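Read through the structure below, which is laid out as structure tokens, and then see the notes.
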Amino acid sequence: MAWMNWPNTRREFLKTSALAGAAAALGAKLPSVDPARAATLEGPVNVLSWGSRNFQMQIDDFLQATGCHVNFTGASGNSENLAKIKLGGGDQYDIVGVDALWVPKFYQEGVIEVFDFEKMPEYQDLFDEFKKMTVWKVGNQWMAQPWAWSPLVLWYNAEKIKTPPTSINFLFDPELKQRIALTRQQEDVVAWMGIAVGANNPYAMTDEELAKAKEALKRLMPNVLKFPPQEEELVRLAADGSIWVTALSAGGAIRIKEAGGPTMKGFIPPEGVIGYFDGDCIVKGAKHRDAALAWLAHRVHSKYVLPNVEKYKRPLAYKGPLEILKKDGRGDFAHTIFYDQPEILSKMVIIGPPPNVGAYLDIFNEVVGG
Amino acid sequence: MATIADRVNVAPERRAGIRLVPPLLAFLPITLIDFFFFVLPMLVMSIVSVLVIREFHITFQLTAENYLFFLKNPLYLKVLGKSLLMALATTVICIVLSFPFALFLTRLPRSIQKTMLVLVILPFWTSYLLRVYAWMTILGERGLINRGLMNLGIVESPIRLLLYNDYSVVLVAVYLYIPFSTLALYTNLERLDRSLIRAAMDLGARPIQVFLHVVLPLMLPGIFASFIFVFIPMLGEYVTPAIIGGAHGLMIVNVIVSQIQALRFGIGSAMVVVLVALILALVMVLRKSARLEKIYGF
């Protein structure tokens with residue numbers, strides 16, 4: 001299948017995007033975005049997406065400007081979203097939230113359609129790294145409007161682990177017995193092990209690499225307290241001292257501290273780090289396409305994006321809020337969550353559906369259930 | 001043939017009300033619910049389980065591959081066995097703990113019984129998830145028990161064995177499901193003819209003999225109901241093992257969900273069909289062995 005080749009395309013994209021960086025972000029000028037340009041549109045806009053996308057106030061503003069309601073259905077996973085869109089289609093949903101390499105998969109499945117994102121003024125606010133993205137583009141048309149991105153940093157309890165780690169192999173240290181927790185994303189856990197064993201592409205490992213990753217997971221298991229289903233659970237476990245190491249997105253340390261936890265330090269393994277970027281797509285045959293496009297333009301306005309960054313503490317794909325944060329003297333915060341370091345994108349192993357996802361699942365189940 | 005109204009001790013005017021609804025019509029809502037929310041999904045699952053499906057693409061080609069994958073894989077059978085064992089343990093503990101309490105309830109004056117019954121169902125007034133999370137604040141490293149033990153100087157560092165293992169999953173499940181078994185046993189005990197116990201004792205039976213030969217057989221409907229209310233939902237538990245369980249805390253439903261999430265609909269469906277078949281077989285065997293017809297006098 002064609003999408004199996006995308007990890008290569010992704011690497012190409014990451015290589016090409018490595019040249020652009022924070023300088024572009026610093027020099028960028030905020031676009032004069034008029035939220036919800038459309039006067040009156042036919043709605044409502046039905047969105048199937050992650051809960052951390054939007055605030056009520058921007059939905060209210062959109063309603064006021066366009067007369068369109070925005071209905072949200074919480075998403076819980078890419079495969080589930082794909083199934084829902086396959087079943088509901090454009091009659092039921094107008095927009096769907098999708099993670100990085102799942103986007104081309106959705107496109108290949110024929111459930112989303114491309115749109116002219118570059119013609120929207122909001123496009124100018126996008127980091128250059130995202131503008132150079134080829135994996136989400138068909139010609140000049142976009143499969144998805146970028147939203148958030150982040151490396152999954154390995155956060156460690158600095159009060160318990162005095163010597164800063166230098167390699168991903170610190171995860172196997174017997175001193176960390178039952179002190180690690182990772183989210184129950186089977187392919188991500190196996191991909192971490194792939195990084196540890198030096199796999200060429202941790203999300204498309206060969207049988208031989210998978211066998212090595214399995215052995216690594218077996219070695220890791222004594223150190224794993226649990227694989228909780230939600231990220232919030234990791235924050236809680238780290239905050240109450242149950243675990244000392246976890247993988248969380250950019251603002252992990254702040255979130256743990258705010259939950260009453262210890263000082264956590266971030267570690268990006270030199271062997272590689274898993275990361276993600278996500279976006280919103282227009283569902284093929286969307287009943288309220290115009291309103292959906294107006295909503296996409298409306299939602300990325302700095303006025304809304306900034307509070308989102310502050311609340312969820314991870315960088316977004318837009319430069320505007322970074323400028324505001326810097327002007328407000330909050331550059332440190334922006335730096336802590338990697339917002340001013342979009343070049344990290346090029347170093348990330350992007351989360352995606354492995355072509356042999358069943359093999360990943362079997363390895364996880366065999367080791368964890370065994 | 002006696003009507004339902006004749007069998008139930010209700011006022012004549014209410015009986016007339018019952019007669020207004022023809023028996024077949026009365027069963028229609030539950031039949032429709034069962035059909036649309038159990039029979040139909042199961043039918044779809046059964047069909048999907050024997051078809052070749054690659055991600056979202058169904059090919060109408062019959063296969064036993066999905067069942068063989070599940071039934072030939074010792075790991076998945078082990079997880080199924082473990083899930084059955086945990087469900088059984090939870091059920092037995094619930095019944096054993098509920099019985100004396102239900103017995104105690106039946107001996108209380110009517111007015112106090114009502115209050116106590118409200119207390120039994122009181123946990124249902126809060127969300128299921130909240131009740132599960134509440135246990136983390138009790139069993140966790142900084143939880144109530146560990147803090148208490150440390151404050152009393154009994155332990156120096158928190159005990160880590162209290163949470164994130166199979167035992168803690170069973171403990172929390174017992175807490176979650178015990179109201180069901182209590183209510184089932186209470187209903188049974190309340191209807192128990194105590195003169196039979198007195199007669200047995202008058203005839204010289206020892207308490208243990210009275211319990212084994214008189215009370216226990218008469219309690220079978222209550223035990224059976226408890227089994228239905230505790231064992232089946234526990235076997236289908238997803239949230240509690242995910243939150244309370246440890247790194248090895250997989251139960252069969254967690255495995256099924258992971259198969260579906262990995263777009264292996266065929267294997268996931270085969271697992272569901274096997275699980276439901278197993279539950280139905282268990283219920284039928286139990287129903288047969290409990291001889292409910294005789295007990296209820298059908």
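Only the coordinates and a few stated rules stand behind these numbers; no lab work does. This structure is a prediction, so every number in the text was calculated from the model and none was measured. Cβ coordinates were reconstructed from backbone atoms using ideal geometry, including for glycine residues, and neighbour counts include every protein chain displayed.
Based on the alpha carbons, how large is the Rg to Rh ratio for the protein assembly as shown when Rh follows Kirkwood? Don't jump to the answer; show the numbers that get you there.
On the way: Rg = 29.1 Å, Rh = 28.4 Å.
Radius of gyration over Kirkwood radius for the protein assembly as shown works out to 1.03.
Give me log10 I(q)/I(0) at q = 0.15, 0.24 Å⁻¹ for the range B:179-275, Debye formula, one equal scatterer per alpha-carbon, no solvent.
Once normalised to I(0) and log-transformed, intensities are -0.73, -1.14.
Averaging the inverse of every distinct alpha carbon separation and then flipping it gives the Kirkwood radius. What is it for the range B:40-83, in angstrom units?
Values: mean 1/r = 0.0859 Å⁻¹.
Answer for the range B:40-83: a Kirkwood hydrodynamic radius of 11.6 Å.
Debye calculation, C-alpha points only, no solvent: report log10 I(q)/I(0) for the range A:237-289 at q = 0.15 Å⁻¹, in the same order as the q values.
-0.57
Could you tell me which of B:LEU84, B:SER157, B:PRO109 has its Cα farthest along the dipole of the range B:50-296 towards the positive end, charges placed at Cβ (Lys, Arg +1; Asp, Glu -1), taken about the Cα centre?
The one lying farthest along the dipole's positive direction is B:PRO109.
For q = 0.16, 0.22, 0.27 Å⁻¹, what log10 I(q)/I(0) does the range B:87-150 give under the Debye formula with an equal point scatterer on each alpha carbon and no solvent?
Cα-only, vacuum Debye calculation for the range B:87-150: -0.82, -1.01, -1.02.
Most exposed first by the Cβ proxy, i.e. fewest other Cβ within 10 Å, how do B:HIS213, A:HIS288 rank?
B:HIS213, A:HIS288
Students often get this wrong, so check it: of A:LYS84/A:LYS119; A:LYS226/A:LYS265; A:LYS265/A:LYS313; A:LYS84/A:LYS287, which have C-alpha atoms separated by over 26 Å?
Details: A:LYS84/A:LYS119 29 Å; A:LYS226/A:LYS265 21 Å; A:LYS265/A:LYS313 15 Å; A:LYS84/A:LYS287 16 Å.
Distance filter (> 26 Å) returns A:LYS84/A:LYS119.
If neighbour count is taken as other Cβ atoms inside 10 Å, put A:ARG289, B:ARG107 in order from fewest to most. Could you put the intermediate results ahead of the total?
Details: A:ARG289 20, B:ARG107 9.
Ordered from fewest to most neighbouring Cβ atoms within 10 Å, A:ARG289, B:ARG107 come out as B:ARG107, A:ARG289.
State the extension gain, in nm to one decimal, for the chain segment bounded by B:PHE124 and B:PHE60, taking 0.36 nm per residue of separation less the distance between their alpha-carbons. Before the final figure, lay out the partial values.
Values: separation 64, 0.36 × 64 = 23.04 nm, distance 4.50 nm.
Result: 18.5 nm gained on full extension.
Can you give me the distance in nm between label points at B:ILE47 and A:LYS218, each placed 7 Å from the Cα along the Cα-to-Cβ direction?
4.3 nm
Place a point 7 Å from Cα of B:ALA277 in the direction of its Cβ. Which residues in the range B:64-96 have their backbone N less than 13 Å from it?
Output list for this probe position: B:64-72.
Hey, what D do you get for chain B in µm²/s if you plug the Kirkwood alpha-carbon radius into Stokes-Einstein at 10 °C and 1.306 mPa s? Present the calculation step by step, with values, prior to reporting the outcome.
Numbers: Rh = 22.8 Å.
D = 70 µm²/s.
Which percent, nearest 5, of DSSP beta bridges in chain A are antiparallel? Walk me through the numbers before you get to the answer.
Details: 25 of 39 bridges.
Rounded to the nearest five, the antiparallel share is 65 percent.
Cut-off is 10 Å between beta-carbons; in what order do B:VAL118, B:VAL92, A:VAL190, B:VAL255 appear when sorted fewest neighbours first? Please report the intermediate quantities before stating the final value.
On the way: B:VAL118 10, B:VAL92 16, A:VAL190 27, B:VAL255 22.
Least to most surrounded, the residues fall as B:VAL118, B:VAL92, B:VAL255, A:VAL190.
Between the range A:100-162 and the range B:48-71, what is the C-alpha centre distance in whole Å?
Cα centroid of the range A:100-162 versus Cα centroid of the range B:48-71: 34 Å apart.
Simple spin-label model, 7 Å along Cα-to-Cβ: A:ASN71 to B:LEU212 in nm?
My value for the distance between the label points is 6.3 nm.
For A:LYS105, go through the aspartates and glutamates and keep the ones whose alpha-carbon is under 20 Å away, minus same-chain ones fewer than eight residues off.
A:GLU12, A:GLU80, A:ASP94, A:GLU113, A:ASP116, A:GLU187, A:ASP188, A:ASP278, A:ASP280, B:GLU55
What does the extension gain come out to for A:THR163 and A:ALA259, with contour length at 0.36 nm per residue minus their alpha carbon separation? Walk me through the intermediate numbers first.
Details: separation 96, 0.36 × 96 = 34.56 nm, distance 2.43 nm.
Contour length minus Cα-Cα distance gives 32.1 nm.
If r is the Cβ-Cβ distance from B:ARG194 to B:VAL285 and R0 is 45 Å, what FRET efficiency results, to the nearest 0.05?
On the way: r = 31 Å, r/R0 = 0.68.
With a Förster radius of 45 Å, E is 0.90.
Assign unit charges at the C-beta atoms only (+1 for Lys and Arg, -1 for Asp and Glu), then state the dipole size of the protein assembly as shown relative to its Cα centre in Debye, rounded to the nearest 20.
Details: 64 positive and 56 negative charges, 388 e Å.
Taking the Cα centre of the protein assembly as shown as origin, the dipole is about 1860 debye.
How big is chain A on each of its three principal axes, counting only the C-alpha atoms and giving the largest first in Å?
Ordered largest first, chain A gives principal extents of 62, 49, 36 Å.
Straight-line reach only, C-alpha to C-alpha below 13 angstrom: list the aspartates and glutamates that A:LYS311 could link to, leaving out same-chain residues fewer than 8 apart.
Of all the aspartates and glutamates, those that pass the test against A:LYS311 - Cα under 13 Å, at least 8 places apart if same chain - are A:GLU258.
Which residue, B:THR182, B:THR106, B:THR115, tops the fluctuation ranking in a GNM of chain B built on C-alpha contacts under 10 Å?
B:THR115
So for the pair B:ARG131, A:PHE55, with labels modelled 7 Å out along Cα→Cβ, what separation do we get in nm?
3.7 nm
Can you list the lysines whose alpha carbon is less than 21 Å from that of B:LYS72, not counting same-chain residues fewer than 8 positions off?
Here the lysines satisfying the reach criterion relative to B:LYS72 are A:LYS214, B:LYS82.
Can you give the convex hull volume per residue for the Cα atoms of the range A:111-269, as a whole number of Å³?
Values: hull volume 23.5 nm³, N = 159.
Roughly 147 Å³ of hull volume per residue.
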